[in-house]
1. Being in contact (Cβ under 8 Å) with a residue 12 or more places away in the chain and part of a helix (DSSP H, G or I) narrows it down to one residue among Leu114, Leu87; which is it?
2. I need the full set of residues from region 142-161 which are in contact with a Leu (Cβ under 7 Å, 6 or more places away or on another chain) and hydrophobic (A, V, I, L, M, F, W, C), in order please.
3. Can you find a residue that is of a type in the set (A, V, I, L, M, F, W, C), in the same structural domain as Phe50 (by TED's automatic domain parsing), touching a residue at least 40 places away in the same chain (Cβ under 8 Å) and not in a helix (DSSP H, G or I) anywhere in region 128-144?
4. If Gly93 passes every condition in (1) assigned to a helix (DSSP H, G or I); (2) at pLDDT below 90; (3) not aliphatic (A, V, I, L, M) but one, which one does it miss?
5. What about Asp15, is it modelled with pLDDT under 85, of a type in the set (D, E, K, R), farther than 27 Å from Leu115 by Cβ and in a helix (DSSP H, G or I)?
6. Residue check: is Ala80 touching a helix residue (DSSP H, G or I) at 6+ places or on another chain (Cβ under 9 Å), over 28 Å from Val150 (Cβ atoms) and modelled with pLDDT under 85?
7. Can Leu170 be described as more than 13 Å from the chain's Cα centre (by Cα), at pLDDT below 80 and among the hydrophobic types (A, V, I, L, M, F, W, C)?
8. Taking the stated definitions as given, is Ala46 at pLDDT 85 or above and of a type in the set (A, V, I, L, M, F, W, C)?
Amino acid sequence: MEAPVSAIMICEHCDAVHRWRRLERGQRARCVRCGAVLYRCPWLDADSMFALALAALMTFAIANAWPIVALGLNGQHHAAALWQAVLDIGRDGQHVVAVLVAMMLLVFPLLQLLLLTWVLGFVRACRPPPGFAPIMRLLAAISPWSMVEVFMVGTLVAVVKVGSIFDVALRPGIWGFAALTILLAMVASFDLRRIWMLWQERCR
(Lines give C-alpha, C1' and ligand atoms only; values in the text may rest on other atoms or scores of the structure.)
Protein backbone atom coordinates (compact mmCIF):
# COMPACT_ATOMS: atom_id res chain seq x y z
CA MET A 1 0.00 0.00 0.00
CA GLU A 2 1.34 3.47 -0.88
CA ALA A 3 1.38 6.37 1.52
CA PRO A 4 -0.81 9.45 0.99
CA VAL A 5 0.43 12.18 -1.33
CA SER A 6 1.51 14.22 1.71
CA ALA A 7 3.90 11.47 2.82
CA ILE A 8 7.09 12.53 1.08
CA MET A 9 10.77 12.11 1.82
CA ILE A 10 13.46 14.69 1.06
CA CYS A 11 17.01 13.48 0.60
CA GLU A 12 19.32 15.02 3.21
CA HIS A 13 22.21 15.08 0.72
CA CYS A 14 20.80 16.42 -2.54
CA ASP A 15 17.27 17.64 -1.58
CA ALA A 16 15.56 15.39 -4.11
CA VAL A 17 11.88 14.81 -3.29
CA HIS A 18 10.49 11.26 -3.20
CA ARG A 19 7.13 9.68 -2.51
CA TRP A 20 7.21 7.46 0.55
CA ARG A 21 6.45 3.80 -0.12
CA ARG A 22 5.99 0.89 2.20
CA LEU A 23 9.03 -1.39 2.42
CA GLU A 24 9.34 -4.98 3.45
CA ARG A 25 11.21 -5.73 6.67
CA GLY A 26 14.95 -5.15 6.23
CA GLN A 27 14.66 -3.24 2.94
CA ARG A 28 16.11 0.24 2.31
CA ALA A 29 14.94 3.09 0.10
CA ARG A 30 17.66 4.99 -1.79
CA CYS A 31 17.66 8.38 -3.46
CA VAL A 32 17.28 8.08 -7.23
CA ARG A 33 19.58 11.07 -7.74
CA CYS A 34 22.57 10.47 -5.41
CA GLY A 35 21.98 6.93 -4.10
CA ALA A 36 21.93 7.91 -0.40
CA VAL A 37 19.77 5.86 1.97
CA LEU A 38 16.49 7.70 2.58
CA TYR A 39 14.98 5.36 5.15
CA ARG A 40 14.93 1.73 6.20
CA CYS A 41 12.29 -0.70 7.27
CA PRO A 42 13.85 -2.18 10.43
CA TRP A 43 13.38 -5.68 11.70
CA LEU A 44 11.55 -4.36 14.76
CA ASP A 45 7.92 -3.31 14.51
CA ALA A 46 6.14 -0.80 16.76
CA ASP A 47 5.31 -3.43 19.40
CA SER A 48 8.91 -4.66 19.55
CA MET A 49 10.31 -1.12 19.78
CA PHE A 50 7.85 -0.28 22.56
CA ALA A 51 8.81 -3.42 24.50
CA LEU A 52 12.51 -2.63 24.10
CA ALA A 53 12.09 0.99 25.23
CA LEU A 54 10.02 -0.14 28.22
CA ALA A 55 12.66 -2.75 29.15
CA ALA A 56 15.38 -0.09 28.95
CA LEU A 57 13.31 2.22 31.15
CA MET A 58 12.92 -0.46 33.82
CA THR A 59 16.61 -1.35 33.58
CA PHE A 60 17.47 2.34 34.05
CA ALA A 61 15.52 2.36 37.32
CA ILE A 62 17.20 -0.84 38.51
CA ALA A 63 20.70 0.40 37.59
CA ASN A 64 20.23 3.59 39.60
CA ALA A 65 18.68 1.89 42.61
CA TRP A 66 21.85 0.05 43.68
CA PRO A 67 25.49 1.08 44.18
CA ILE A 68 27.87 0.62 41.28
CA VAL A 69 31.08 -0.40 43.05
CA ALA A 70 32.28 -0.56 46.64
CA LEU A 71 35.77 0.66 47.54
CA GLY A 72 37.53 -0.59 50.65
CA LEU A 73 40.69 0.65 52.37
CA ASN A 74 41.99 -0.15 55.86
CA GLY A 75 38.74 -1.80 56.83
CA GLN A 76 36.54 1.08 55.68
CA HIS A 77 34.16 0.64 52.76
CA HIS A 78 32.22 3.12 50.66
CA ALA A 79 29.61 2.36 48.01
CA ALA A 80 27.37 4.75 46.13
CA ALA A 81 24.80 4.70 43.36
CA LEU A 82 25.30 7.03 40.40
CA TRP A 83 22.95 9.72 41.70
CA GLN A 84 24.73 9.65 45.05
CA ALA A 85 28.08 10.06 43.29
CA VAL A 86 26.67 13.10 41.46
CA LEU A 87 25.62 14.62 44.78
CA ASP A 88 29.07 13.94 46.23
CA ILE A 89 30.70 15.71 43.26
CA GLY A 90 28.47 18.71 43.86
CA ARG A 91 29.30 18.79 47.57
CA ASP A 92 32.99 18.86 46.68
CA GLY A 93 32.41 22.13 44.84
CA GLN A 94 32.53 20.70 41.30
CA HIS A 95 29.09 22.02 40.42
CA VAL A 96 29.61 22.26 36.65
CA VAL A 97 30.92 18.68 36.51
CA ALA A 98 28.03 17.47 38.67
CA VAL A 99 25.47 19.14 36.39
CA LEU A 100 27.08 17.73 33.22
CA VAL A 101 27.25 14.22 34.66
CA ALA A 102 23.64 14.40 35.86
CA MET A 103 22.39 15.65 32.48
CA MET A 104 24.29 13.16 30.30
CA LEU A 105 23.95 10.08 32.49
CA LEU A 106 20.60 10.62 34.21
CA VAL A 107 18.39 13.32 32.69
CA PHE A 108 18.95 12.82 28.95
CA PRO A 109 18.80 8.98 28.95
CA LEU A 110 15.70 9.00 31.17
CA LEU A 111 14.01 11.68 29.07
CA GLN A 112 14.85 9.82 25.86
CA LEU A 113 13.33 6.57 27.17
CA LEU A 114 10.26 8.27 28.61
CA LEU A 115 9.53 10.11 25.37
CA LEU A 116 10.06 7.02 23.21
CA THR A 117 7.80 4.95 25.47
CA TRP A 118 5.16 7.69 25.37
CA VAL A 119 5.20 8.01 21.57
CA LEU A 120 5.38 4.29 20.80
CA GLY A 121 2.66 3.50 23.32
CA PHE A 122 0.25 5.77 21.45
CA VAL A 123 1.40 4.65 18.00
CA ARG A 124 0.90 0.97 18.75
CA ALA A 125 -2.59 1.81 20.04
CA CYS A 126 -3.31 3.62 16.75
CA ARG A 127 -3.82 6.94 18.51
CA PRO A 128 -2.04 10.22 17.65
CA PRO A 129 0.46 11.00 20.45
CA PRO A 130 -0.13 14.44 22.04
CA GLY A 131 2.72 16.76 21.16
CA PHE A 132 4.09 14.30 18.61
CA ALA A 133 6.07 16.73 16.42
CA PRO A 134 7.80 18.62 19.29
CA ILE A 135 8.62 15.32 21.01
CA MET A 136 10.24 13.91 17.88
CA ARG A 137 12.33 17.07 17.46
CA LEU A 138 13.39 16.88 21.11
CA LEU A 139 14.33 13.21 20.71
CA ALA A 140 16.53 14.05 17.73
CA ALA A 141 18.22 16.79 19.77
CA ILE A 142 18.93 14.86 22.98
CA SER A 143 19.80 11.42 21.59
CA PRO A 144 23.50 12.27 20.89
CA TRP A 145 23.91 13.54 24.47
CA SER A 146 22.95 10.31 26.19
CA MET A 147 26.37 8.94 27.16
CA VAL A 148 25.78 5.94 29.38
CA GLU A 149 28.11 3.81 27.23
CA VAL A 150 30.93 6.35 27.77
CA PHE A 151 30.30 6.20 31.51
CA MET A 152 30.41 2.41 31.42
CA VAL A 153 33.79 2.35 29.66
CA GLY A 154 35.17 4.98 32.03
CA THR A 155 33.95 3.04 35.06
CA LEU A 156 35.62 -0.17 33.91
CA VAL A 157 38.89 1.69 33.27
CA ALA A 158 38.69 3.33 36.70
CA VAL A 159 37.99 -0.01 38.43
CA VAL A 160 41.07 -1.54 36.82
CA LYS A 161 43.21 1.49 37.73
CA VAL A 162 42.24 1.65 41.42
CA GLY A 163 42.21 -2.12 41.88
CA SER A 164 45.83 -2.04 43.02
CA ILE A 165 45.06 0.57 45.70
CA PHE A 166 41.58 -0.23 46.98
CA ASP A 167 39.62 -3.38 47.58
CA VAL A 168 37.08 -3.16 44.76
CA ALA A 169 33.81 -5.07 44.85
CA LEU A 170 31.30 -4.83 42.03
CA ARG A 171 27.75 -4.10 43.11
CA PRO A 172 24.44 -4.82 41.30
CA GLY A 173 24.34 -1.32 39.82
CA ILE A 174 27.30 -2.06 37.53
CA TRP A 175 25.49 -5.03 36.01
CA GLY A 176 22.39 -2.91 35.61
CA PHE A 177 24.37 -0.31 33.71
CA ALA A 178 25.98 -3.02 31.58
CA ALA A 179 22.52 -4.24 30.54
CA LEU A 180 21.35 -0.65 30.11
CA THR A 181 24.28 0.10 27.79
CA ILE A 182 23.22 -2.74 25.49
CA LEU A 183 19.55 -1.75 25.56
CA LEU A 184 20.31 1.93 24.93
CA ALA A 185 22.49 0.97 21.97
CA MET A 186 19.52 -0.90 20.52
CA VAL A 187 17.19 2.01 21.29
CA ALA A 188 19.64 4.41 19.62
CA SER A 189 19.37 2.30 16.45
CA PHE A 190 15.71 3.29 16.11
CA ASP A 191 15.28 5.41 13.01
CA LEU A 192 13.13 8.33 14.14
CA ARG A 193 11.90 8.71 10.58
CA ARG A 194 10.53 5.17 10.86
CA ILE A 195 8.46 6.25 13.86
CA TRP A 196 7.11 9.12 11.76
CA MET A 197 6.12 6.57 9.11
CA LEU A 198 4.48 4.29 11.67
CA TRP A 199 2.48 7.24 12.93
CA GLN A 200 1.32 8.05 9.40
CA GLU A 201 0.41 4.42 8.76
CA ARG A 202 -1.52 3.84 11.95
CA CYS A 203 -2.81 7.19 13.17
CA ARG A 204 -3.83 9.05 10.03
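1. On the way: Leu87 fails: in contact (Cβ under 8 Å) with a residue 12 or more places away in the chain.
So the residue among Leu114, Leu87 that is in contact (Cβ under 8 Å) with a residue 12 or more places away in the chain and part of a helix (DSSP H, G or I) is Leu114.
2. Selection gives Ile142, Met147, Val148, Phe151.
3. Residues of region 128-144 that are of a type in the set (A, V, I, L, M, F, W, C), as a first pass: 132-133, 135-136, 138-142.
Narrowing the set further to residues that are in the same structural domain as Phe50 (by TED's automatic domain parsing) leaves 132-133, 135-136, 138-142.
So of that shortlist, the ones also touching a residue at least 40 places away in the same chain (Cβ under 8 Å) come out as 132, 136, 139-140.
Retained after the next criterion (residues that are not in a helix (DSSP H, G or I)): none.
Checking region 128-144: not a single residue is of a type in the set (A, V, I, L, M, F, W, C), in the same structural domain as Phe50 (by TED's automatic domain parsing), touching a residue at least 40 places away in the same chain (Cβ under 8 Å) and not in a helix (DSSP H, G or I).
4. (1)
5. Details: modelled with pLDDT under 85: yes; of a type in the set (D, E, K, R): yes; farther than 27 Å from Leu115 by Cβ: yes; in a helix (DSSP H, G or I): no.
It is false that Asp15 is modelled with pLDDT under 85, of a type in the set (D, E, K, R), farther than 27 Å from Leu115 by Cβ and in a helix (DSSP H, G or I).
6. Working: touching a helix residue (DSSP H, G or I) at 6+ places or on another chain (Cβ under 9 Å): yes; over 28 Å from Val150 (Cβ atoms): no; modelled with pLDDT under 85: yes.
Judged against the criteria, Ala80 is not a match.
7. On the way: more than 13 Å from the chain's Cα centre (by Cα): yes; at pLDDT below 80: yes; among the hydrophobic types (A, V, I, L, M, F, W, C): yes.
So Leu170 passes the test.
8. Numbers: at pLDDT 85 or above: no; of a type in the set (A, V, I, L, M, F, W, C): yes.
Criteria not met by Ala46.
The values are calculated or read from the model by the stated rules, or taken from the named source; none is laboratory data. Note that the structure is a prediction, hence the values are computed from the model and not measured. No Cβ is skipped: glycine too gets one built from the backbone with ideal geometry, and neighbour counts run over all protein chains shown.
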